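The structure appears below as structure tokens.
The values are calculated or read from the model by the stated rules, or taken from the named source; none is laboratory data. As the structure is a computational prediction, the values presented were derived from the model and not from experiment. When we count neighbours, we look across all protein chains shown, and the Cβ atoms used for this are built from the backbone with ideal geometry, even at glycine. The area values use the complete protein model at the heavy-atom level, side chains included, leaving out ligands, DNA and RNA. Shrake-Rupley method; radii C 1.70, N 1.55, O 1.52, S 1.80 Å.
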Amino acid sequence: MSNATPKLIGYVRVSTARQGESGLGLDAQMKAIADYAASVNGSVETTYREVESGTNSERPQLAKAIAHAKRMKAKLVIAKLDRLGRNVHFVSGLMEAKVDFIACDNPYANKLTVQILACIAEHEAEAISARTKAALAATKARGTLLGSARPNHWSGKEHLRLAAAAKARTAAKAKRDAMAAPIYAEVKPIITAMRQQGESLQAIADRLNNDGFTTLRGSEWKPMQVSRIFSTL
């Protein structure tokens with residue numbers, strides 16, 4: 001039996017800036033993680049704190065916590081199960097990353113629980129899609145014009161709508177980039193140094209994989225991904 005000290009990565013989240021500033025909610029979660037660590041004689045390497053609404057799927061600190069846990073082969077420790085179950089992005093990201101985790105308030109929750117949550121979310125999305133398609137079909141059957149066939153579709157208002165949609169896509173990309181930035185900040189110095197030494201993209205990818213680094217999605221590095229990061233330097 002191994003006597004190695006279990007490595008743990010903590011993740012805590014509150015929903016409002018006021019809670020984040022005051023520590024309300026965070027303190028209780030931090031204590032739960034500390035108590036769990038003591039119970040297993042584990043070592044909490046670091047704890048990532050997030051102040052974000054549960055409805056927002058953009059979680060930069062969560063992405064960092066998952067990447068860190070995978071790189072160190074550590075267990076991700078969540079104080080409360082609702083920090084996991086209410087966020088589909090968390091569920092899918094955790095499954096893809098294949099990171100072991102524990103919820104302090106429900107230690108029996110496991111990867112099967114995660115899979116069930118993801119399946120429920122997928123079922124709900126499919127049901128919503130089916131209802132939307134049925135409603136559109138019924139509307140069309142009544143003779144209502146849809147899409148570009150609508151009267152005044154290409155009017156000034158429609159151009160404003162398209163402009164707003166383009167702006168939303170730009171904002172979404174900015175959020176994704178912000179989520180990736182803290183993770184890729186760790187590998188950029190390695191990529192830069194090796195590239196300056198004349199190393200190939202494949203050699204750099206092999207180095208990152210051997211050192212335990214993963215991409216934002218938790219997968220291994222490929223030469224094309226290294227090239228994309230290098231192009232941003």
### Task
May I ask you to derive the FRET efficiency for Glu220 and Thr192 from their Cβ-Cβ distance with R0 = 25 Å, giving the value to the nearest 0.05?
0.80
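Taking a probe of 1.4 Å, how large is the accessible area per residue of region 181-233, in Å²?
On the way: 3090 Å² over 53 residues.
For region 181-233, the per-residue accessible area is 58 Å².
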### Summary
Here the FRET efficiency for Met72 versus Ala166, based on Cβ atoms and R0 = 41 Å and rounded to 0.05, is 0.50
#### Entry: Out-of-range pairs (alpha-carbon distance over 26 Å; input Lys167/Lys222; Lys64/Lys222; Lys80/Lys167)
Lys167/Lys222; Lys80/Lys167
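Using 0.36 nm times the number of residues separating Asp27 and Asn106, minus their current alpha carbon distance, what extension gain do you get? Working shown, then result.
Working: separation 79, 0.36 × 79 = 28.44 nm, distance 1.83 nm.
Extending this stretch completely gives an extra 26.6 nm.
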